[in-house]
Amino acid sequence: MGSINASVDLRRDGEIAIVTSDNPPVNALKHEVRAGLAEVLRQIRDEAAIKALVVACAGRTFFAGADITEFGKPPQAPGLGEVIVAIEAMPKPVVAALHGTALGGGFELALACHFRVAVAAARVGLPEVKLGLLPGAGGTQRLPRLIGPEKALKMIVTGDPIEAREALTDGIIDQIVEGDPIAGAVGFARRVVAENRPLRRVRDRDDRLVAEGFADAAETLTRRLRGREAPAACVEAVRNAIVLPFDEGLKREGELFRELMAGDQSKAQRHIFFAEREAARVPGIPEGTKPRPIATGAVIGAGTMGGGIAMCFANAGIPVTIVETGRDLLQRGLDRVAANYRTTVSRGGLAADEMERRMALIRGGTELDAVAGADFVIEAVFEEMDLKKRVFADLDGLAKAGAVLATNTSTLDVDEIARATKRPQDVLGTHFFSPANVMRLLEIVRGAATAPDALATAIALGRRLAKVPVTVGVCYGFVGNRMLARRSVEAERLLLEGALPQEVDAAVTGFGFPMGPFAMADMAGLDVGWRIRKGRGERNEIEDALCEAGHFGQKTGKGYFCYEARSRTPLPDPEVERTILDASARLGVARRTITPEEIVERMVYPMVNEGARILEEGIATRPGDIDVIWVYGYGWPVWRGGPMYYADRLGLAHIRDRLTLYAERSGDETLRPATRISRLAAEGRGFAS
Ligand code: T1G
Ligand code: NAD
């Protein structure tokens, strides 16, 4: 309880006043906090005995931004902009004491202060673009005045925070303080008063406002952000800082902010923000369940996935042992890891000494007992049930008691694998996505016997590895791959009925995916699915014909597309077109023109339908979980909120009717609307309601 209100406290330390916000967990700038700050400014503005004000926060972080839960609700005065203008206009020095993550409106508030000090571990940033917004409280006008438009634009368009040391070098913060940030700030404020330092209002600075390089930086930064509204608005706002007077730039920033806030894209991205956090709440894990301590990890198999998974452990500072069947395969795996790190270093994404430090955390072995001491073991060997069961039976005999035993299988029955051990309670799935050191999604597969604390341990580890963990149940392909299989069936059908791979991929990338289904298949390798189908006596008319002709994808320079030497650019291939036309003729399918709109519907609606079945079966807990899986694991455009959110926007009655049409047209009963869709559509409701 503060002296001003429940969230804000004011105290005086001699001639220095200290206002502290205490609004856990992240000091979001909710109405009460803003009102409290405004009251403090009113009180001390003309209090003669007070020579300076320190603005600080209690708890784990300085203000992490405006309160996102207030978005879309009627605004309550004072607005953040008002508080910020009042701080900057104060006739006595205001010093911000930064710790944790000073983000968004919190960083903008700090930029309005006359001075900023920070502890070394603090980070500052403007992540609004990740919510489909732009900084709406002066950040696009003040930050360029401090660090120049080019650097400011990078921070604003990427939304990525920077460390305190870099902020010091850039002149954003005035000093790094040791220990308690408030004490450090009070000391700094005393010196400012003692030295009668002039107040430095960022809004008055223009010495860094140079246009040179801005246009190129804008083009480079926004090139890969096709379809998104917020990055373009960020560019316009920061450009205004160069060409317009401060108050005009600020006014235009506010207009752009309100437009984006009311737009569909930001609503979709805010949905994903909260869905990602909601996904961490897993039913069936009793409150207070403690994750098991994880000091060391192990990975079995140093192939495509094993190497990437080992890098995740090393990147998180966790020593990891990686085991292969032989020296050569082990060395090949370790060489691939080293090459990956070298590429990151060469791109300036990692310091060379940090690479060495991480590589030193990765130890190799060729005997399974090398993992005996590990707290968390992840198996990533070939996708063969018998092999995996053998590996788990061996692990059962030598892994330490209490170790979590995880499989990275992308499709197989985790319960069957668990039954190969006498400790199924310690077994679960950790389904990483390729490349495992890059993709943020981690599907955690809860087995029938998985113990709550084993599950809690996997979720906690997922977060330590900087992944977005989503817990799912056991079924073929879990959530993501099971829905993807629906899309693949429809993609093949579209080719038979009249489309070409480049047309399908163009419609899907036009929708916002970074890659279409056929370029993706070529990247993964067509032969993987072909071998599985042959093993199961199934046939995919077109893809099998391509594989029989040696079209395995990028690895053979030919798949659904052809690839020039050392290029990954998919090029239309007349030979593939002939193969497709022959298949249509062979199956007696009359080809017709298919519109991009129909292609998108048939790429998305069958997945939504499968998502509904997944919810019916309880394989996924919430529709939001499915959305997070698709955004972080399969490149679903975040500004469309995920397949289930997108379906709710369109209305489930529409989805039902289109699915029914496609089911009747194709005779494919699996396209019939799932019970949940029919029921919700009849009730005029959505998945989220
Ligand atoms: N508003 C409301 N709730 C928030 C929040 C916010 N800004 N930030 C976090 N939370 C909640 C979150 O939902 C979760 O709740 C809990 O706090 C812990 O979060 C004008 C308008 C700060 C780096 O975009 O990036 O300012 O699930 O699990 O991993 O220009 O939270 O426990 O119920 O993420 O330690 C700009 C968003 C806003 C920062 C901490 N700011 N937050 O990460 O914890 S827009 C942001 C984060 C803005 C101005 C505009 C992270 C974090 P619950 P957490 P964490
Ligand atoms: P891969 O063929 O690239 O690597 C598998 C490695 O396991 C090989 O190097 C092999 O030598 C090694 N291995 C086999 N038996 C072993 C044993 N008994 N002990 C130690 N090592 C052994 O395969 P991958 O693509 O890395 O896939 C591994 C697992 O991850 C599979 O279950 C796959 O379904 C799953 N997965 C793959 C992807 C992907 O995109 N490749 C994505 C998610 C999950």
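The values are calculated or read from the model by the stated rules, or taken from the named source; none is laboratory data. Since this is a predicted model, take the numbers as computed values, not measurements. In this analysis, Cβ positions are derived from the backbone assuming ideal geometry, glycine residues included, and neighbour counts consider all displayed protein chains.
If I filter the range 563-570 for residues that are surrounded by fewer than 17 Cβ atoms within 10 Å (Cβ to Cβ), within 19 Å of residue 489 (Cα to Cα) and modelled with pLDDT of 90 or more, do I get at least one hit? Before the answer, list the steps.
To start, the set of residues in the range 563-570 that are surrounded by fewer than 17 Cβ atoms within 10 Å (Cβ to Cβ) comprises 564-569.
Applying the additional criterion that residues be within 19 Å of residue 489 (Cα to Cα) yields none.
No: the range 563-570 contains no residue that is surrounded by fewer than 17 Cβ atoms within 10 Å (Cβ to Cβ), within 19 Å of residue 489 (Cα to Cα) and modelled with pLDDT of 90 or more.
Only residues in the range 436-449 that are touching a residue at least 12 places away in the same chain (Cβ under 8 Å) count as the first member; pair them with residues that are in a strand (DSSP E or B) and surrounded by fewer than 23 Cβ atoms within 10 Å (Cβ to Cβ), Cβ under 6 angstrom, at least 6 apart or cross-chain, and list the lot.
440/468; 441/468
Name the residues in the range 118-142 that are farther than 24 Å from residue 60 by Cβ and either within 25 Å of the chain's Cα centre (by Cα) or within 16 Å of ligand 2 (Cβ to nearest atom) (or both), would you? Outline the logic, then answer.
Pass one, the range 118-142, residues farther than 24 Å from residue 60 by Cβ: 132, 134, 136, 138, 140-142.
Residues satisfying the conditions are 132, 134, 136, 140.
Residues that are hydrophobic (A, V, I, L, M, F, W, C) and in contact with a Phe, Trp or Tyr (Cβ under 9 Å, 6 or more places away or on another chain): which helices (runs of 4 or more DSSP H) entirely in the range 535-628 hold 3 or more of them?
On the way: elements: 541-548, 574-587, 596-616.
The helices (runs of 4 or more DSSP H) meeting that bar are 541-548, 596-616.
Can you pull out every residue in the range 61-71 that is more than 7 Å from ligand 1 (Cβ to nearest atom) and touching a His at 6+ places or on another chain (Cβ under 9 Å)?
Our first condition is that a residue be more than 7 Å from ligand 1 (Cβ to nearest atom); within the range 61-71, this holds for 62-63, 70-71.
Within the range 61-71, 62, 70 qualify.
When residues of the range 1-34 are filtered for being of a type in the set (Ser, Thr, Tyr) and in a loop (DSSP other than H, G, I, E, B), how many remain?
Selection size over the range 1-34: 2.
List the helices (runs of 4 or more DSSP H) that sit entirely inside the range 123-225 and contain at least 3 residues that are touching a Cys at 6+ places or on another chain (Cβ under 6 Å).
On the way: elements: 139-147, 149-158, 164-170, 181-194, 214-222.
No helices (runs of 4 or more DSSP H) qualify here.
Is it the case, given these coordinates, that residue 253 is surrounded by fewer than 20 Cβ atoms within 10 Å (Cβ to Cβ), in a helix (DSSP H, G or I), within 16 Å of ligand 1 (Cβ to nearest atom) and modelled with pLDDT of 95 or more?
On the way: surrounded by fewer than 20 Cβ atoms within 10 Å (Cβ to Cβ): no; in a helix (DSSP H, G or I): yes; within 16 Å of ligand 1 (Cβ to nearest atom): yes; modelled with pLDDT of 95 or more: yes.
No.
Which residues, counting only those in the range 641-689, are more than 28 Å from the chain's Cα centre (by Cα) and on the phi > 0 side of the Ramachandran plot?
667, 684 - these are the residues of the range 641-689 that are more than 28 Å from the chain's Cα centre (by Cα) and on the phi > 0 side of the Ramachandran plot.
Can residue 193 be described as touching a residue at least 40 places away in the same chain (Cβ under 8 Å) and closer than 18 Å to residue 88 by Cα?
Numbers: touching a residue at least 40 places away in the same chain (Cβ under 8 Å): yes; closer than 18 Å to residue 88 by Cα: yes.
Taking the combined requirement at face value, the residue satisfies it.
Just one of (1) buried (at least 23 other Cβ atoms within 10 Å of the Cβ); (2) closer than 20 Å to residue 221 by Cα; (3) within 15 Å of ligand 1 (Cβ to nearest atom); (4) hydrophobic (A, V, I, L, M, F, W, C) trips up residue 153, so point out which.
The number of the failed condition is (3).
Determine which single condition residue 220 fails, assuming it passes every other condition in (1) among the β-branched types (Val, Ile, Thr); (2) free of Cβ contacts under 8 Å to residues at least 12 places away in the same chain; (3) buried (at least 16 other Cβ atoms within 10 Å of the Cβ).
In the conditions (1) among the β-branched types (Val, Ile, Thr); (2) free of Cβ contacts under 8 Å to residues at least 12 places away in the same chain; (3) buried (at least 16 other Cβ atoms within 10 Å of the Cβ), residue 220 misses (3) alone.
Return only the number of the condition from (1) crowded, with 19+ Cβ neighbours inside 10 Å; (2) over 26 Å from residue 585 (Cα atoms) that residue 523 does not satisfy.
Every condition holds for residue 523 apart from (1).
Just for strands (runs of 3 or more DSSP E) wholly inside the range 320-413: which have at least 3 residues that are more than 10 Å from ligand 2 (Cβ to nearest atom) and touching a residue at least 60 places away in the same chain (Cβ under 8 Å)? I'd like the intermediate steps shown before the answer.
Working: elements: 320-323, 362-365, 376-379, 404-407.
It comes to none.
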